[in-house]
Amino acid sequence: MAKISPHYIQVDCEESKELDLSQAKAVQAHHPDIIFLEYPIDYNPLYQQLNEYSPPAKPPPLVKELLKPLPKRVLAIHPWAQADHYLWENVAELWRNNHQVLIYPVDAPSELTSEWLEVWNHMYPQAKKNWVWWVQIYLRERLMANNVQAILDRYDTKSDPTILVFLQSFHWQHAKFLLKNPPTHQIWQYYFGKFSNEISQDIIAEKIEALNPVFCKYWSQYSDFT
């Protein structure tokens, strides 16, 4: 199949005590072929297992596992996660109607997404004005873009799949920028240009190495600047 032309629909999820069903309703309204999730790529092998089957053949135990309610202890900390149950109910309904929906977590591995201590230590006075915060954001979004591109390169079912993007809007905006394969100097300016009085391409790797081993690992493997 020639290069596909996806139809992207990005939908945020409000992380609050109120139940936000925007993503569940988007599944009902748009009948997606693919869903990108803002979950670590190693979050749950269940999604990949379900992707391996056509809709009529998806094993009932796997579907049942997907639809299993979250534990109360999890919902007590993350009440907005209850909306996922309705999301998966709607996906399962499409499967019952013989419509394939492929599910892909596309965020960085949990080792990186959960490395918040170093970021937290550099949160104030304002996280978005701190280059350390942007290191993690850049690495996550570089991996998001890599993961999305790998999925698109493998997909060969439709020439114009509908893809629901359940990444927060700012992540998707940045990932789309990286998916255009801009030159390195543009990527640097996009993420770190505002910190020119603190860091440069020549010294940032050394600073990251001294700062945090997880950031250093992913910077050396995936950064556009190494």
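Restricting attention to region 159-166, does a residue exist that is farther than 27 Å from Cys13 by Cα and open to solvent by less than 90 Å² (accessible area, probe 1.4 Å)?
Checked region 159-166: at least one residue is farther than 27 Å from Cys13 by Cα and open to solvent by less than 90 Å² (accessible area, probe 1.4 Å).
I'd like the residue in region 80-98 that is open to solvent by 40 Å² or more (accessible area, probe 1.4 Å) and out of contact with any Asp or Glu (no Cβ under 8 Å at 6 or more places or on another chain) and, out of all such residues, is modelled with the lowest pLDDT.
Gln82
Hey, does region 193-211 have a residue that's in contact (Cβ under 8 Å) with a residue 40 or more places away in the chain and of a type in the set (Gly, Ala, Ser)?
No: zero hits.
For region 181-225, give me each residue that is under 25 Å from the mean Cα position of the chain (by Cα), open to solvent by 70 Å² or more (accessible area, probe 1.4 Å), of a type in the set (Ser, Thr, Tyr) and farther than 16 Å from Leu112 by Cβ.
Tyr190
Restricted to region 57-79, and to residues that are open to solvent by less than 70 Å² (accessible area, probe 1.4 Å) and touching a Leu at 6+ places or on another chain (Cβ under 9 Å), which residue is nearest to Asn147 (Cα to Cα)?
Among them, the one singled out is Leu66.
Which of the residues belonging to region 71-97 are closer than 20 Å to Ile35 by Cα and in a loop (DSSP other than H, G, I, E, B)?
Passing the criteria: only Asn97.
Within region 2-49, which residues are buried (at least 16 other Cβ atoms within 10 Å of the Cβ) and either of a type in the set (Phe, Trp, Tyr) or touching a Gly at 6+ places or on another chain (Cβ under 6 Å) (or both)?
Phe36, Tyr39, Tyr47
The values are calculated or read from the model by the stated rules, or taken from the named source; none is laboratory data. Please read all numbers here as calculations on a predicted model, not as lab measurements. Heads up, the Cβs are rebuilt from the backbone with ideal geometry, glycines too, and the neighbour counts pull from every protein chain shown. Just so you know, the surface numbers come from the protein's heavy atoms only, side chains and all, with ligands and any DNA or RNA stripped out. Shrake-Rupley method; radii C 1.70, N 1.55, O 1.52, S 1.80 Å.
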